[in-house]
Amino acid sequence: MAQYAILIFDDPTAGDYTAGQLAESKQHAEDIVDSGAMVSAYALAAPETATSLRGDVVTDGPFVDTKEVVAGFCVIEAPDLDAALAVARDNPAVRWGRGGVEVRPVAGSIPPAR
Amino acid sequence: MTDAARAVADAHRREWALVLAATVRVARDLDLAEECVQEAYAAALTAWARDGTPANPAAWLTTTARRRAMDAMRREATFRSRLPLLVEPAETGYEPATDPPPEQTDAVPDERLRLVFTCCHPALAPEARLALTLRLVCGLPTADVARALLVSEQTMAARITRAKKKIATARIPYRVPRPAELPDRLPAVLGVVHLLYTAGHTAPSGPTLLRTDAADRALHLARTLRALMPDEPEVGGLLALLLATDARRATRTGPDGGLLRLEDQDRSRWDRAALAEAHELIVAGLRAGRPGRYTLQAAIAALYAEAPTYDETDWQQLVTLYDRLLAVWPSPVVALNRTVPVSMASGPAVALALVDELAADPRLARYPYLPAVRADLLRRLDRPAEAALAYRDALARTDNDAERGFLAARLAEVDIEP
């Protein structure tokens, strides 16, 4: 088994998630847990609450100034990229038209993967 | 060339993909497998000269390459255990590779399909898919791949290395997709073969219009895919499209290398056997129902080719086929090509209005054939000054010398200025 990070990108100018969208996200995460593939998942607070550090400079806001920002991420276990992409494709954020997801292989972790 | 050298060259052209695919199964590392297959071909030169060409060259090469791969893996067991290995799901799970019975190698033809589907995985960039397919499936040296795709050897080497690294690190599986996944995965494979053919058919720049080696490779690949996936109608459609286009290869350029228009080509020199083969594939594809993009494109190419003379072409039927093609593949280029039979069936004025509508499409903003089509319509409408402008516009958009020569000649016909 390998681990993959699924980074969820979102356009915050599209407004808050609706209650329906939040419920869909939660259900999707629970489905991954039930399948046994979930390592961990995190939802992040709004990007305007972020603080970035580069050298001595402290700035308000996300590190990279882009339309879509990371809204959350999860790490899953999957035997190969096709399996990881299948999980990622089911993420509701892919369908909402205000962002999407990026799938990245995990190169290492602490504590180490099982 | 000696008999052995000829046999090795022949086996390289015909069996490379099979031997490599079978070796990858053991090595589970593309670089190691490639290295071992190259060594096996080199060993064949000496061995076959000494002992004669074996009855089954592919099996000989596979056995030799696999043995070398096993040796290398034993030698470097510790080192290689730290590298990510190719993922081979389902059948073998993750147990260590064992020495497989070599006599089985030529009985598993779909080994090559694994290789093709891995090289054309949608997680790889389109240009990387094409490069990997040429390198791994066709066995072309990196320098030749670079030349075929018009980039420097250094750029190509980096592109291939990066793609191989992604296959290993992201664990792109080495397998043929399940039937349910094929509709998602097959277009990428067919697209690579089609792109390869197009690269050979019309060189985007340089002195000649054709680079026949790339076209031949594409035809060979299409035939292989057809043999491996006989039940996929679009695979047959792609082969038919390449055959119907390639049947006219000899007449597309004149003796001076200049481009010849369809109406000026010598129809008696078209490859009738290729056209007949394409025809059968098209009929089967259309009969299977809901024909896809390639089957319809092939039907269009074949209909152009089947007319006894250019003027006897069934323009109305072509417009109908283009309409069906646009329905499954709404591309502005297809819409532009459709204006050619429209101009013959309904007159150049009707077609010109359609072309002018398409000119507003940003996707065609740099497309050289749009002003070329427009210029031809204006010429037929006896508006030489506007035609000359359009030919100049087309000339500014293409780097292919044969196409430039053709456009310059047309420009001279309509240009009234000194």
Any hit, the stretch A:84-106, residues being within 18 Å of the chain's Cα centre (by Cα), part of a strand (DSSP E or B), more than 14 Å from chain B (Cβ to nearest Cβ) and closer than 26 Å to residue A:27 by Cβ: yes
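Does the stretch A:34-49 include one or more residues that are of a type in the set (D, E, K, R), loosely packed, with under 13 Cβ neighbours inside 10 Å and touching a residue at least 40 places away in the same chain (Cβ under 8 Å)?
No: zero hits.
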The stretch B:121-159, residues that are of a type outside the set (A, V, I, L, M, F, W, C), buried (at least 18 other Cβ atoms within 10 Å of the Cβ) and within 14 Å of chain A (Cβ to nearest Cβ): B:121
Helices (runs of 4 or more DSSP H) completely within the stretch B:287-399 that count 2 or more residues being in contact with an Asp or Glu (Cβ under 7 Å, 6 or more places away or on another chain): B:293-306, B:369-380
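Hey, among B:24, B:19, B:8, which residue is at pLDDT 90 or above, under 24 Å from the mean Cα position of the chain (by Cα) and farther than 14 Å from residue B:174 by Cα?
B:19
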Residue A:60 over 12 Å from the mean Cα position of the chain (by Cα) and either away from chain B (no Cβ under 14 Å) or touching a residue at least 12 places away in the same chain (Cβ under 8 Å) (or both): yes
Sole residue being modelled with pLDDT of 95 or more and out of contact with any strand residue (DSSP E or B) (no Cβ under 6 Å at 6 or more places or on another chain), chosen from B:343, B:331: B:343
Residue in the stretch A:61-69 that is of a type in the set (S, T, N, Q), over 25 Å from residue B:167 (Cα atoms), assigned to a helix (DSSP H, G or I) and out of contact with any helix residue (DSSP H, G or I) (no Cβ under 7 Å at 6 or more places or on another chain) present: no
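The values are calculated or read from the model by the stated rules, or taken from the named source; none is laboratory data. The structure displayed is predicted, hence computed values, not measured ones. Every residue, glycine as well, gets a Cβ built from its backbone with ideal geometry; the counts of neighbours run over all protein chains shown.
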